[in-house]
């Protein structure tokens, strides 16, 4: 199941010109501690021989497991900047680890599927619409596994920041952090936190919540609604207002994103100004992705634009990236969306064995089939025929092959339909190609 | 490079009816400490929040990273015994971690590619020839990447143990451990260790070394040489000698393996009685695999039969398995065998952009190509054409597509040959399908 999903995503990413990379799971503590809210959820490593002495080494010099694929990418880009062609587009599908207390539906170890594009010095903003659309295309391909339609909800940090500043607020990161909790704890609680923790008045808190309620399907609607909200809260919408100018910069990018996305894939991306993202490294566009009828699952694919994550001296490497939480998504597909895992053999044929002395003949038939790309297994023992057929059935192998005896030709039985026919291992093909799950996760 | 090698191995394993599984990287300390010499090289985990208190928890109750794929398999089989069809044939390709001091050419983190077959209660010995042959077939497929011919060297623990006991030795594990060092430290040193550490006389040590020198390409040769060696050292070769009977049991299995392998794939498996394997869980056949002209690399694929690794109450799950050290092998292929990694885009075409207002037209062309399975990228900026072509060249993209302007049709240029021709995105195909590396490892 998961392997098929990975193969599907990889195909879409490569069709779109993303290069696959893999980074080591183990990074220096100093890299891991640099950025992001999740830096508190790191697993540190210690060698068994060092147990008891591991705390002699500062955390920065110890090793730890990566908790996302963005921090390793920024290290990778800086280390290989001389060899890469920029903008550098990469996909990466790997396990990540979070040192959190395990809870229902939360894993310590899970697979993320990321795409990012990294520029050298600058990065054109058309990537801020292209990357979410690649993810929408990829998620669309997963609908064959029962996944509902996905919609990207986009916002822009500059828009939010400009609006908050226009209201007179200054703790921008604090406000974003509280707004990010909206779906979890509701408007009343967020309002309280804005007043108590971010220096907002009741009116300012209400304005922040009104902004978070704003959604729009196109750029014109977005601009009209936003300007109306500014007017309602006394924010001047002329060029002399620096806060509005900042907000407008974000709004223009967001408008471009929803309009361009609507042209290419109508209904795939909407502007939704409650999207805040907890991570502190986003500087422009931010995205979350929701599935129809699966609000409780939360965002399944999130990301944004980050201009300051990777740098080398004065040189900056701005990026845009999105990440699918693949383990959670596959878990949802298995438990809710009707997909199902099963432990079936990849073999299409089980070659029977009449007696152990004739195993070589059965092996030869299997090898002839394999040479033609047909996966084949050979019965483990020369048991009674019924037992051999039962073994094929338990493994989900649809055909059983009977080697010819005493000069008779071979025959093959479809154990689902019961049909049995003469067959030759150098020319026979299975009737149907059954899509098969090949990797079982545990 | 590594991804293509993995895809090749996976295809061979599945053609042979092996089911892919993946197990979590993090296991309980108690599982990890159970078996095998490498249990001393475990990385233990601690949550960042617990730094300083981690030693309050006994090692058995802490979490650690798996150091091989055999220990996790034995846990998996016991946990899922009710759902599996036995014999259970599985492939597994994953990272493993060793908490060793990093040295030249040794990684803390590497990929292993394993196949194993596990029986429920018993396991027919024909798997002891089939599994090494599947690995030979897989390694044969890697010759297209420049890998030299591989030969499996097989021995049997019962043969060695019977011979040592026949000589009057009792510290069998000790002798095997020292013999395993033969290639590293030479005969003189091993002889010394046998005398000093394993209670052997000079004559017994010499006999052990003579056994280790014995190789044979077929069963008859093996039996003749072995019986001659027994006679030379006063070991009775009649049925009344229990030690010889044990050795003979191992010899018969080993003879079956080399003879059967010679029938199917001549020259792929030889009997080589110096193969000992350090791991304590092997109970019968043991294998190491060497590449022609790469003796210094050591064994690239090792394994054996283990009858007591997994059990549940009185129920045993005997197994046969082999493991390829994939990272070392890929490293060898890159540095010595002439294969090479490069950072090329998976895209076959770069669609040029005349100016930013016409980017949508270029995106449409790219999407039309992708819909037909042709990987395409779009130029990052509407730079001068020469710069766009240079970008394609740096990424190894062979074609640049020029969208038609002012009513003219599209054209496509092969930037390797220089040919430029009219083209239609709904029907054009690249001339050659270039095999591409898709995952870069770092």
Under 24 Å from residue B:13 (Cβ atoms), within 11 Å of chain B (Cβ to nearest Cβ) and outside any strand (DSSP E or B): does that describe residue A:367?
yes
Just checking, which of B:26, B:78 is more than 21 Å from residue B:132 (Cβ to Cβ), within 9 Å of another protein chain (Cβ to nearest Cβ) and in contact with a strand residue (DSSP E or B) (Cβ under 9 Å, 6 or more places away or on another chain)?
B:26
Out of all the residues in the range A:85-102, which are at the interface with chain B (Cβ under 7 Å from one of its Cβ atoms) and out of contact with any strand residue (DSSP E or B) (no Cβ under 8 Å at 6 or more places or on another chain)?
A:85
Within the range A:136-154, tally of residues that are surrounded by 17 or more Cβ atoms within 10 Å (Cβ to Cβ) and either part of a helix (DSSP H, G or I) or in contact with a helix residue (DSSP H, G or I) (Cβ under 7 Å, 6 or more places away or on another chain) (or both)
10
I'm trying to understand the selection: among the residues of the range B:50-80, which are within 17 Å of residue A:345 (Cβ to Cβ), touching a residue at least 40 places away in the same chain (Cβ under 8 Å) and in a loop (DSSP other than H, G, I, E, B)?
none
What are the pairs, 6+ residues apart or on separate chains, where a residue within the range A:338-361 that is away from every other protein chain (no Cβ under 11 Å) and buried (at least 19 other Cβ atoms within 10 Å of the Cβ) has its Cβ under 7 Å from a residue that is in a strand (DSSP E or B) and at pLDDT 90 or above?
A:352/A:400; A:352/A:401; A:352/A:402
Checking A:299, A:311 in turn, the sole residue that is at pLDDT below 95 and assigned to a loop (DSSP other than H, G, I, E, B) turns out to be A:299
For the range B:118-125, state whether one or more residues are assigned to a strand (DSSP E or B), within 8 Å of chain A (Cβ to nearest Cβ), buried (at least 24 other Cβ atoms within 10 Å of the Cβ) and in contact with a strand residue (DSSP E or B) (Cβ under 9 Å, 6 or more places away or on another chain).
no
Among the listed residues B:386, B:404, identify the single one that is assigned to a helix (DSSP H, G or I), more than 24 Å from residue A:11 (Cβ to Cβ) and away from chain A (no Cβ under 13 Å).
B:386
Got at least one residue in the range A:12-23 being at pLDDT 90 or above, part of a helix (DSSP H, G or I) and more than 7 Å from chain B (Cβ to nearest Cβ)?
yes
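Which count do you get for residues in the range B:250-296 that are part of a helix (DSSP H, G or I) and touching a strand residue (DSSP E or B) at 6+ places or on another chain (Cβ under 8 Å)?
Summing the residues that are part of a helix (DSSP H, G or I) and touching a strand residue (DSSP E or B) at 6+ places or on another chain (Cβ under 8 Å) in the range B:250-296 gives 9.
Results for (1) farther than 13 Å from residue B:133 by Cβ; (2) in contact (Cβ under 8 Å) with a residue 40 or more places away in the chain; (3) touching a helix residue (DSSP H, G or I) at 6+ places or on another chain (Cβ under 8 Å); (4) surrounded by 23 or more Cβ atoms within 10 Å (Cβ to Cβ), shown as yes or no for each residue.
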| site | (1), (2), (3), (4) |
| --- | --- |
| B:244 | yes, yes, yes, no |
| B:248 | yes, yes, yes, no |
| B:262 | no, yes, no, no |
| B:265 | no, yes, yes, no |
| B:271 | yes, yes, yes, yes |
| B:285 | no, yes, yes, yes |
| B:288 | yes, yes, no, yes |
| B:293 | yes, yes, no, no |
| B:300 | yes, yes, yes, no |
Give, as residue ranges, the helices (runs of 4 or more DSSP H) completely inside the range B:158-240 that count at least 2 residues that are in contact with a helix residue (DSSP H, G or I) (Cβ under 6 Å, 6 or more places away or on another chain), over 24 Å from residue B:260 (Cβ atoms) and in the same structural domain as residue B:250 (by TED's automatic domain parsing).
B:172-179, B:182-198, B:202-213
Would you pick out the residues in the range A:254-292 that are closer than 25 Å to residue A:317 by Cβ and within 14 Å of another protein chain (Cβ to nearest Cβ)?
A:256, A:257, A:260
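The values are calculated or read from the model by the stated rules, or taken from the named source; none is laboratory data. Note that the coordinates shown come from a computational prediction; the quantities given were computed from them, not determined experimentally. Cβ coordinates were reconstructed from backbone atoms using ideal geometry, including for glycine residues, and neighbour counts include every protein chain displayed.
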